[in-house]
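The values are calculated or read from the model by the stated rules, or taken from the named source; none is laboratory data. Owing to the predicted nature of the structure, the values given are computational and were not obtained by experimental measurement. Don't worry about glycine lacking a Cβ; one is built from the backbone with ideal geometry, like all the others, and counts go over all protein chains shown.
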């Protein structure tokens, strides 16, 4: 029997779940359109623990969405996960947040391209087939009219995530389908984290860092 606490904070969605042997038993999530993770994450964890009637010494692992995504969101989520691992001597499991997003989508054929919004016309994305198998690795991509043409010419491509909305007007192709109001969620991590747990595929808690993909850039305020 395995109890796993899942945390996903890579976007504006603050999400926590607890699963028993790959089945959800508690879930809390909120997306206010802002980054409310600092205020909401720990109360959500406490609520899920109470709802599932568990104490931390009964957990078998902590899992976290490692990114890519928001620097702020990822720092908060990973810091919380590592803190729980250290204080309770628990293993840490990490899942690519784009993979979490892809596993929330059902497609009978073609490709699934999860997108997390970056700045301007850039997105963090990867490509999966309909069986959720990775076809193209995670990258930061600036979207133009030629993006993903090789996949679109082969059949249906489902674009999803908060990066998909801004691509609608550019990726105008008969095979393009968009699900834009969609975010990585802790409820979609459950099977992924349970599979890793069974293989003992865990992180080194001391050295683990979020998958930022790009270096953080501080924009200086212009002098008036």
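Based on this model, can you work out whether residue 10 counts as within 15 Å of the chain's Cα centre (by Cα), outside any strand (DSSP E or B) and either modelled with pLDDT of 95 or more or over 16 Å from residue 93 (Cα atoms) (or both)?
Yes, satisfied.
Give just the number: which of (1) under 18 Å from residue 161 (Cβ atoms); (2) at pLDDT 95 or above does residue 23 not satisfy?
So residue 23 meets the others, but not (1).
Before we move on, is residue 115 in contact with a strand residue (DSSP E or B) (Cβ under 6 Å, 6 or more places away or on another chain) and more than 17 Å from residue 177 (Cβ to Cβ)?
Considered against the rule, which asks whether it is in contact with a strand residue (DSSP E or B) (Cβ under 6 Å, 6 or more places away or on another chain) and more than 17 Å from residue 177 (Cβ to Cβ), residue 115 comes out as no.
Take the conditions assigned to a strand (DSSP E or B), modelled with pLDDT of 95 or more, out of contact with any helix residue (DSSP H, G or I) (no Cβ under 6 Å at 6 or more places or on another chain) and buried (at least 17 other Cβ atoms within 10 Å of the Cβ) and apply them to residue 151. Does it pass?
Here the answer is no, as residue 151 does not meet what is asked.
Name the single residue, out of those in segment 66-112 being assigned to a loop (DSSP other than H, G, I, E, B) and in contact with a strand residue (DSSP E or B) (Cβ under 7 Å, 6 or more places away or on another chain), that is surrounded by the most Cβ atoms within 10 Å (Cβ to Cβ).
That would be 69.
Quick check: is even one residue across segment 79-86 farther than 29 Å from residue 146 by Cα and free of Cβ contacts under 8 Å to residues at least 60 places away in the same chain?
yes
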